[in-house]
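Taking it in order: structure first as structure tokens, then the write-up.
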Amino acid sequence: MGVVHFAGGGGSLGDEPGTFLTFCTGDIPGRIGSFDPAGILRQTGAMIGKRCLHGARRRPKKCLCHTEVSDPWKLTQRTKNMAGMPNPEFLRRAIALATQNVVSGAGGPFAAVIVRAGKIVGEGANSVTATNDPTAHGEINAMRAAAQALGTFTLAGCVLYSSCEPCPMCLAAAYWARLDAVYYGASAADAARAGFDDAFLYGEMKKPLGERKLPSTQLLGEEAWASFAAWLASPNKIEY
């Protein structure tokens, strides 16, 4: 079950009395990841005071499905005000998705969300084994979802929050997507400790071609240039 927390202290969303929100995204089909608390509650008819989305009585703040918002407008305004700064709550969302992905048996311990103007516009978890796609990392899936949602191939103006430091493939994709920034939780060293190749791959990128474990040899260079020549001459190309 996906969970989003909007609470805390020291300048975070829940530092004012009576303003606390944690809701189960698993109970809001089609709303997963939206970062508009007041809008979600209003649109789903879940403005239910001190009762959680499951209909249970008020629970302690540590309860994962407790929902209590005394001033939803103020909460929404504060999320908008934080749109230009790194927001740990988005990273917590990515971490929750990564953990859920493991617990549910859906895939590896990686997930990410793409944020634009203070709202999540795409999110994804690792689905390599579920889809037999070695490129289906959490960050890649999140970028694909965001690009589809926004109807664009560039994610300029967006930022990536990843549960773990992106591998070289995902970092390169972040550059290709023109993301504004990347924020991550666990490090490549942490991933290596859990049995993943991220740190090894970063090491490989630093080596000359001839010293890498995967052989890489250029062939037919002159013939291959024909594709670029066609690109340069094309009047219909869309640059990216």
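At a glance:
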item	result
Filtered residues of the range 135-158 (kept if open to solvent by 30 Å² or more (accessible area, probe 1.4 Å) and either among the hydroxyl-bearing types (Ser, Thr, Tyr) or not in a helix (DSSP H, G or I) (or both))	Thr135, His137, Gly151, Thr152, Phe153, Thr154, Ala156, Gly157
Residue pairs meeting the criteria (Cβ under 7 Å; at least 6 apart or on separate chains; first in contact (Cβ under 8 Å) with a residue 40 or more places away in the chain, in the range 177-198; second surrounded by fewer than 15 Cβ atoms within 10 Å (Cβ to Cβ) and assigned to a loop (DSSP other than H, G, I, E, B))	Tyr183/Pro86
Matching entry among Leu201, Leu209 (being farther than 22 Å from Leu97 by Cα, surrounded by 10 or more Cβ atoms within 10 Å (Cβ to Cβ) and in contact with a helix residue (DSSP H, G or I) (Cβ under 7 Å, 6 or more places away or on another chain))	Leu201
First in the range 207-235 and assigned to a helix (DSSP H, G or I), second anywhere and loosely packed, with under 10 Cβ neighbours inside 10 Å, Cβ under 7 Å, 6 or more apart	Leu209/Ser216
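Residue-by-condition table, conditions (1) touching a Gly at 6+ places or on another chain (Cβ under 7 Å); (2) touching a residue at least 60 places away in the same chain (Cβ under 8 Å); (3) assigned to a loop (DSSP other than H, G, I, E, B); (4) among the hydroxyl-bearing types (Ser, Thr, Tyr):
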| position | (1), (2), (3), (4) |
| --- | --- |
| Met85 | no, no, yes, no |
| Phe90 | no, yes, no, no |
| Leu97 | yes, yes, no, no |
| Asn101 | yes, no, no, no |
| Gly105 | no, no, yes, no |
| Pro109 | no, yes, yes, no |
| Val113 | yes, yes, no, no |
| Glu123 | yes, yes, no, no |
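The values are calculated or read from the model by the stated rules, or taken from the named source; none is laboratory data. Model, not experiment: these values are computed from the prediction. Positions of Cβ are backbone-derived with ideal geometry, glycine not excepted, and every protein chain shown enters the neighbour counts. When the accessible area is computed, the model is the full protein with side chains, heavy atoms only, and any ligands, DNA or RNA have been set aside. Shrake-Rupley method; radii C 1.70, N 1.55, O 1.52, S 1.80 Å.
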